[in-house]
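Asks: Structure incoming, see below.
The values are calculated or read from the model by the stated rules, or taken from the named source; none is laboratory data. Just so it is clear, the model here is predicted, and its values are computed rather than measured. Don't worry about glycine lacking a Cβ; one is built from the backbone with ideal geometry, like all the others, and counts go over all protein chains shown. Side chains are part of the model used for accessible areas, which takes the heavy atoms of the whole protein and leaves out ligands, DNA and RNA. Shrake-Rupley method; radii C 1.70, N 1.55, O 1.52, S 1.80 Å.
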Amino acid sequence: MRRISRKKRSTPANRAIAASAALILGGGGLVAVNVYASAGEGPSGSSPPTRTQNAGSQLSTIDCPEAVNGLPDVPDEARGEVDRELAAMDTQITDAYQQFADRKEQIARDPGLAENAVLGPLRSKRTASLDRIGIAIGRAGERPAGLESLAGCSLRADDSRGGNGGGRGDGNGGRGNGGPGDGGQDDGQGQDQGQNQGQDGGQGQDPGGQDPGQGQDPGEGQDPGQDQGQGGNGPVAADFVDIQSVQPNVERPRQRRGASRGTFTTDCGRNENGKFNPDNVIVAPGVSNGAHHMHDYIGNQANDAFASDDDLANGATTCRNQGDRSTYYWPVLRLQNGQDEDDVNADGGGRDQNVGEIQTPSQVTLKFVGSPVGRVTAMPRFLRIITGDAKAFTNGDANANASWSCTGFEDRQLTDKYPICPEGSQVVRTFAFQNCWDGQNTDSANHRTHVAFAQENGRCPNGFRAVPQLVQRIVYDVPPGPGFAVDSFPEQLHKPITDHGDFINVFDDRLMKKMVRCINDGRRCR
């Protein structure tokens, strides 16, 4: 049993940033278009219509609009208070989900109990938080109207189905989501820069992915209703698919004259020292357990909810090159094997329905690659990027950036399924972070608008400039079969589509300049 600890401080960070997660998927060598928008997702992030009739017979969850998506620009003076209220709203959902889980059999017999005992009280708490958010914004500018429309929540049945989760595209956002087909070790010349803006939608693949039948059972012959995860809230058998039944869905994007073809790789270890916490200094600065799930951290060792830019600048690093004090973090992956960790009764762990044995990656590769159409420019120090959406199961998957595969099969990438790898093959998670920056801001209120993916032609949107793209590849040696899951918010049911990665750039100026020169000159550097 490993020790999981968190440094505690009494003062919040000096940077306040509004909450929400942005998500996208890509790969450093080959690209599979695999993003798709939720038909029910509106401007406020509201979710599709929900069903309650099966709440007692299968996994169900609480589905709430993502409040940050319905907010106007948040003035800097209000961000701290807004962040705290958004984090409080996440806790409200977590608490309500637990109440629902504890009473789901009663609710199945008496559906009115869900409204009276769970949804009604949750709506009241969310209304109060949204009112405080409106007041905070109003002190620094014009108070937004209509925030109360974001208060309502509903019950949603887990509608997992069979299929391989691959090959979807709708042209929404110009994002690709394939992992590198050669294990992430190529020279970056084939990396996805958003050139595949849903183009597989016209390449003969089924718009819902390949045929959900495909001859495979949703859970390798298991009854999806029998396996509800060690914590009782997922994953289910239908969340897994045999990687060998998935058709190759990865392609190389076209490079153009003047492309920056170099790569820069930084070695920051695999979290061998076991640094974990359930905080998220980007989304919920100054809030302990702001993520409600545990993160692996490599690189900067000062990262917790209370870390300021100065703390990060002066923090120790696990990176071999001490000029890289950046922080790289992601949800831990656990075996659902009945083994408890030291966090079984702790926030982010068992208290948030995240249980099982945390797995240390067998390999972590952090590679920065260039643009297919031109040169890249330096990232600003303390640039924050979140790729993926930790709430994609209820938010809809328009921003999802999960990419799952197996070693030896990385020409086959999954978005909304975990892979079942054959004997001798390892599970792979891959993220390609946003590669365009607005030239001004190191963060934005929703953590999305200051960065973007390149457009279909490989160029950045107007007003954005190309920066080195972080391609992150994490490999795990886990037993073959469906017995693992990433940590998640409790109501996200450990769905693979909720996977996400976080990055704060703390390269020193000298090393960042070296990276940019290396990429633009077409060299491979470390």
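So that you can scan it fast, the table gives a plain yes or no per residue for (1) part of a loop (DSSP other than H, G, I, E, B); (2) under 30 Å from residue 59 (Cβ atoms); (3) among the β-branched types (Val, Ile, Thr):
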{"position": "321", "(1), (2), (3)": "yes, no, no"}
{"position": "338", "(1), (2), (3)": "yes, yes, no"}
{"position": "341", "(1), (2), (3)": "yes, yes, no"}
{"position": "346", "(1), (2), (3)": "yes, yes, no"}
{"position": "368", "(1), (2), (3)": "no, no, no"}
{"position": "371", "(1), (2), (3)": "yes, no, no"}
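Asks: Hey, another quick one. Among the residues in the range 112-123, are any small (Gly, Ala, Ser), surrounded by 15 or more Cβ atoms within 10 Å (Cβ to Cβ) and under 28 Å from the mean Cα position of the chain (by Cα)?
Replies: Checking the range 112-123: not a single residue is small (Gly, Ala, Ser), surrounded by 15 or more Cβ atoms within 10 Å (Cβ to Cβ) and under 28 Å from the mean Cα position of the chain (by Cα).
Asks: Moving to a separate point now. Within the range 333-365, track down each residue that is farther than 23 Å from residue 473 by Cβ and of a type in the set (D, E, K, R).
Replies: Listed by number, the residues that qualify are 340, 341, 342, 343, 347, 351, 352.
Asks: Please tell me if residue 345 is over 29 Å from residue 406 (Cβ atoms) and without any contact (Cβ under 8 Å) to a residue 40 or more places away in the chain.
Replies: Values: over 29 Å from residue 406 (Cβ atoms): yes; without any contact (Cβ under 8 Å) to a residue 40 or more places away in the chain: yes.
Yes: the conditions hold for residue 345.
Asks: List the pairs whose first member sits in the range 130-149 and is of a type in the set (A, V, I, L, M, F, W, C), whose second member is open to solvent by 70 Å² or more (accessible area, probe 1.4 Å) and outside any helix (DSSP H, G or I), and whose Cβ atoms are under 8 Å apart, counting only residues at least 6 apart or on separate chains?
Replies: 135/143; 137/143
Asks: Does residue 270 satisfy the criteria of being open to solvent by 50 Å² or more (accessible area, probe 1.4 Å), closer than 18 Å to residue 487 by Cα and not in a loop (DSSP other than H, G, I, E, B)? Steps first, answer last, please.
Replies: On the way: open to solvent by 50 Å² or more (accessible area, probe 1.4 Å): yes; closer than 18 Å to residue 487 by Cα: yes; not in a loop (DSSP other than H, G, I, E, B): no.
Here the answer is no, as residue 270 does not meet what is asked.
Asks: Sort through 441, 462 and tell me the only one that's without any contact (Cβ under 8 Å) to a residue 60 or more places away in the chain, within 30 Å of residue 91 (Cα to Cα) and over 16 Å from the mean Cα position of the chain (by Cα).
Replies: Just one listed residue meets the conditions, 441.
Asks: Something else: Tell me, yes or no, whether the range 48-63 has at least one residue that is among the hydrophobic types (A, V, I, L, M, F, W, C), under 22 Å from the mean Cα position of the chain (by Cα), buried (at least 22 other Cβ atoms within 10 Å of the Cβ) and at pLDDT 90 or above.
Replies: So far as the range 48-63 goes, yes, one or more of its residues are among the hydrophobic types (A, V, I, L, M, F, W, C), under 22 Å from the mean Cα position of the chain (by Cα), buried (at least 22 other Cβ atoms within 10 Å of the Cβ) and at pLDDT 90 or above.
Asks: Pull out all pairs, ordered by first then second residue, where Cβ-Cβ is under 8 Å, the residues are six or more apart or on different chains, the first lies in the range 499-526 and is among the small types (Gly, Ala, Ser), and the second is outside any loop (DSSP other than H, G, I, E, B).
Replies: Matching pairs, first to second residue: 501/328; 501/329; 501/330; 501/386; 501/387; 501/388; 501/431; 501/472.
Asks: Out of the range 99-109, which residues are open to solvent by less than 80 Å² (accessible area, probe 1.4 Å) and over 17 Å from residue 491 (Cα atoms)? Give the steps one after another, and end with the answer.
Replies: Filtering the range 99-109 for residues open to solvent by less than 80 Å² (accessible area, probe 1.4 Å) gives 99-101, 104, 107-108.
Matches in the range 99-109: 108 only.
Asks: Next question, about the same structure. Would it be correct to say that residue 498 is of a type in the set (Ser, Thr, Tyr) and open to solvent by 10 Å² or more (accessible area, probe 1.4 Å)?
Replies: no
Asks: For the range 396-444, give me the residue count where each residue is polar (S, T, N, Q) and touching a helix residue (DSSP H, G or I) at 6+ places or on another chain (Cβ under 8 Å).
Replies: 4
Asks: Let me ask something else about it. State which residue pairs qualify: first residue more than 20 Å from residue 63 (Cα to Cα) and inside the range 74-100, second residue open to solvent by less than 30 Å² (accessible area, probe 1.4 Å) and not hydrophobic (A, V, I, L, M, F, W, C) in any location, beta carbons under 8 Å apart, and separation of 6 or more residues or different chains.
Replies: The qualifying pairs are 80/285; 80/286; 83/285; 83/286; 84/286.
Asks: Of 322, 353, 359, which residue is open to solvent by 10 Å² or more (accessible area, probe 1.4 Å), more than 30 Å from residue 464 (Cβ to Cβ) and free of Cβ contacts under 8 Å to residues at least 40 places away in the same chain?
Replies: Values: 353 fails: free of Cβ contacts under 8 Å to residues at least 40 places away in the same chain; 359 fails: free of Cβ contacts under 8 Å to residues at least 40 places away in the same chain.
After ruling out the rest, the residue left standing is 322.
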